[in-house]
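Input: a single structure, listed below in structure tokens.
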Ligand code: GRF
């Protein structure tokens, strides 16, 4: 029998709710998915993310940033835990700590993040309120390789959703979150398959012909023409 290709060993760093973590866990539950969630590290005691991982039988580690004198020491502990578990790729999933340049460099092109905006628009916090305040007609989310500057780095995949006239930050966030749960597993799959290459700080997806190959690329209008 043909030997199955080993799956990429992924470590997820999370701080809170863990819904993106749950989406990754669900995707990786399929043995054909090319990545396995081999470790979940959480920095906040009692975070739902920790319970989600435990419930799925995934090894977890609670590394509380408060227990460390500075960011460098905390990041060293993170790094040690990831290496000890043989992690090959790190996924940030609502991880609310700034990482030191040393850590980011050590995991360069081996650490990805999801951000709830169409980067490079609206990096940082309160993205949905800012998108609404700007009158943006589309919002969305981005999976990207991590660089030192917050929410920058080669873009692997994006999903767009319309902004509706009656949206509040919460309703927009909920629509974007649904898109996050689809795009993060897809982006991780591409990376795990070795199909993502960083060339001159842009991520190229090997073998992705894109929607255009199957016909005209869709043009999304908001408001739609019938409005
Ligand atoms: C998500 O919106 C993600 O894009 C951002 O933080 C939030 C985390 O949510 N980085 P969850 O913990 O995955 O539910």
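Bear in mind these aren't lab numbers, they're just calculated from the coordinates by the rules spelled out. Since we're looking at a predicted model, the values are computed, not measured. Every residue, glycine as well, gets a Cβ built from its backbone with ideal geometry; the counts of neighbours run over all protein chains shown.
Express in whole angstrom the spacing between the alpha-carbon centres of the stretch 99-144 and the stretch 150-182.
10 Å
What's the FRET efficiency of residue 219 with residue 126 using the Cβ-Cβ distance as r and R₀ = 35 Å, to the nearest 0.05? Kindly include the intermediate steps, with their values, before the conclusion.
Numbers: r = 29 Å, r/R0 = 0.84.
Once the sixth-power term is evaluated, E becomes 0.75.
Provide, for q = 0.21 Å⁻¹, the log10 of I(q)/I(0) from a solvent-free Debye sum over equal Cα point scatterers in the stretch 7-107.
With no solvent term, the Cα-only Debye profile gives -1.06.
Can you pull the one-decimal nm distance between simple spin-label points at residue 84 and residue 226, each 7 Å off the Cα toward Cβ?
Going by the 7 Å Cα→Cβ label model, 5.9 nm.
Computed from the mean reciprocal separation of all distinct C-alpha pairs, what Kirkwood hydrodynamic radius does the stretch 96-137 have, in Å? Let's see the in-between values first.
Numbers: mean 1/r = 0.0821 Å⁻¹.
After inverting the pairwise mean of 1/r, the radius is 12.2 Å.
Between residue 70 and residue 205, what is the spin-label point distance in nm, taking each point 7 Å from the Cα along the Cα→C-beta axis?
Spacing of the two 7 Å Cα→Cβ label points: 4.1 nm.
Ordered by packing density, taken as the mean number of other Cβ atoms within 10 Å over each peptide's residues, highest first, how do 140-148, 61-69 rank?
Values: 140-148: 22.8, 61-69: 13.4.
Order by mean packing, descending: 140-148, 61-69.
Taking only Cα atoms, what is the 0 to 90° angle, nearest 10, from helix 19-28's long axis to the longest principal axis of the chain?
In the chain, helix 19-28 runs at an angle near 80 degrees to the longest axis.
Hey, could you get me the Stokes-Einstein D for the stretch 88-158, Kirkwood radius over alpha-carbon pairs, 20 °C and 1.002 mPa s, rounded to whole µm² s⁻¹?
Details: Rh = 12.6 Å.
Approximately 170 µm²/s, per Stokes-Einstein.
Only Cα pairs within less than 10 Å get springs; with that Gaussian network setup on the chain, which residue of 57, 135, 207 has the largest fluctuation?
Of the options given, 207 has the highest mean-square fluctuation.
Compute the acute angle (0 to 90°) between the alpha-carbon long axis of helix 71-84 and the principal axis of greatest extent of the alpha-carbon atoms of the chain; round to the nearest 10°.
80 degrees
What is the spread of the Cα atoms of the stretch 114-207 along each of their three principal axes, largest first, in whole Å?
41, 25, 16
On each of the three principal axes of the Cα atoms of the chain, give max minus min coordinate, whole Å, ordered largest first.
Computed over the chain, the largest-to-smallest principal extents equal 56, 48, 37 Å.
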